[in-house]
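The values are calculated or read from the model by the stated rules, or taken from the named source; none is laboratory data. The model shown is predicted, which means the values in this text are computed figures rather than measured ones. Heads up, the Cβs are rebuilt from the backbone with ideal geometry, glycines too, and the neighbour counts pull from every protein chain shown. Accessible surface is based on the protein model in full, side chains and every heavy atom, while ligands, DNA and RNA are left aside. Shrake-Rupley method; radii C 1.70, N 1.55, O 1.52, S 1.80 Å.
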Amino acid sequence: MSYGGIVSHLPPDPAATAEDAEHARHLQHAVTLAARGLDDDAGGPFGAVVVLDGEVVAEGWNQVTSTKDPTAHAEIVAIREACAKLADFQLHRAVVYASCEPCPMCLGAIYWARPSAVFFATTKHDAERAGFSDAFIYEEIDLPHAERSIPFHRIEVEGGTDVFDAWLAKHDRTRY
């Protein structure tokens, strides 16, 4: 069954601006990518695009199951491609469009990439209805390390913090 060519069945908003239409167009592209990934059995139903100066510079869809990579979420795939194409690890003037509200991992990647804005079409509650819930991750973050479902253990080792001191002393470091 093909999910490609998904179109909105919402009536046009007479108060919508050209900028709104542009955002909707890019969000529709992200939804179409989600459908493409679904059609190709690449992973979950998620898509994303990175746009710079009105042009799509990168796109991605969830590829977790097809690549056997739990980090291959649509936003991560699109951010990696955009950074490679732009030869920069930050996306200051770019905009990320996602078919769904980003999960905690993608949210972290988005903040590290520092785009100028993020737009999304569906919410984490819509994703939860389809079986994609991130609530447990948010709950785990607040737990003490030893009480998490995957226990975290800190063991201090000699020289462990030396790399941070070396970083601070490095005069030609690239700040981020």
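Below, the figures for the structure above:
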| item | result |
| --- | --- |
| Solvent-accessible surface ranking, highest first, for Ser66, Ser99, Ser149, Ser133 at 1.4 angstrom | Ser149, Ser66, Ser133, Ser99 |
| Size of electric dipole in the chain: Cβ of Lys, Arg +1 and of Asp, Glu -1, about Cα centre, debye, nearest 20 | 260 debye |
| Interchain or long-range residues, amide H under 5 Å from Cys100's placed H | Gly47, Ala121, Thr122 |
| Nearest-20 debye value, the range 122-176 charge dipole, Cβ charges on Lys, Arg, Asp, Glu | 240 debye |
| Accessible surface, the chain, averaged per residue in Å² (probe 1.4 Å) | 67 Å² |
| Antiparallel %, DSSP beta bridges [both residues in the range 20-176], to 5 | 65 percent |
| Furthest towards positive pole of dipole, Phe120, Ala58, Val31, structure part the chain, Cβ charges | Ala58 |
| Under 14 Å, Cβ to Cβ, from Ile76 - net charge with Lys/Arg +1 and Asp/Glu -1 | -3 |
| The range 72-87 - phi-based ³J(HN,Hα) in whole Hz, Karplus 6.51/-1.76/1.60, Gly and Pro as x | 7, 6, 3, 5, 5, 4, 5, 5, 4, 5, 4, 4, 5, 5, 8, 6 |
| Vicinal HN-Hα couplings computed from phi for the range 127-133 (Karplus, 6.51 cos²θ - 1.76 cosθ + 1.60; Hz; Gly/Pro x) | 5, 4, 4, 8, x, 10, 9 |
